[in-house]
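Just so it is clear, none of the values below were taken in a lab; they were calculated from the coordinates. All of these numbers come straight from a predicted model, not from anything done at the bench. Positions of Cβ are backbone-derived with ideal geometry, glycine not excepted, and every protein chain shown enters the neighbour counts.
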Amino acid sequence: MIEMNVAGVALDATTRLPIVLLKDASERRALPIWIGQTEARAILTALESQKTPRPMTHDLLVNCMDQLEVDLERVVIHSLQDNTFYAVLTLQQGDEKTEIDARPSDAIALALRMDSPIWVLEEVVSEASIAVDQEADLQEQEEFREFLDNIRPEDLIKSREGNEPSAESS
């Protein structure tokens, strides 16, 4: 599993539908998930730490879970079937753990409010993620190839000798 963070909510340029964008820790892969307007608003409200005059649905769930002493241990987005993502909430109350099916958008909105991690199975990331900065990746690869092409064995020996501690520093 790969832990992902919410990078933000954007509009798909073609469909004009909202997308929540998850990124891995290295920010090299992004997982776009198309969501509804209401879910986008719920996620944005949590991202921006906005307070509403009355509890919205996700806030109500958080309040109920707090009163019942239930923790949201994590959210797991575990599959993609027919262009639909599937997620589960892993809840813990004392020693008891329970997994509950949830839409990823609702799960993400809750995770943000409860400061819980969001995990995605590697198979889902492999299938549905996009490279965030392919140009930077290609540039890094090219720079590394150039480094390898220009390095001489004596450079490595000099470098290694310079890194050994001297008797004076011991």
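What whole number of Å gives the distance from the Cα centroid of the stretch 107-133 to the Cα centroid of the stretch 1-60? Centre-to-centre (Cα) distance: 10 Å. Working from the Cα coordinates of the stretch 2-129, the gyration tensor eigenvalues give, after taking √(5λ), semi-axes of 23, 19, 12 Å in decreasing order. Size descriptors for the stretch 54-134: radius of gyration and Dmax over Cα atoms are 14.1, 46 Å. Qualifying GluC sites (Glu not before Pro) in the stretch 1-55, where qualification requires a DSSP coil assignment and no more than 12 other C-beta atoms within 10 Å, comprise 27, 48. Assuming charge only on the beta carbon of Lys and Arg (+1) and of Asp and Glu (-1), the dipole of the stretch 3-46 about its Cα centre is about 100 debye to the nearest 20.
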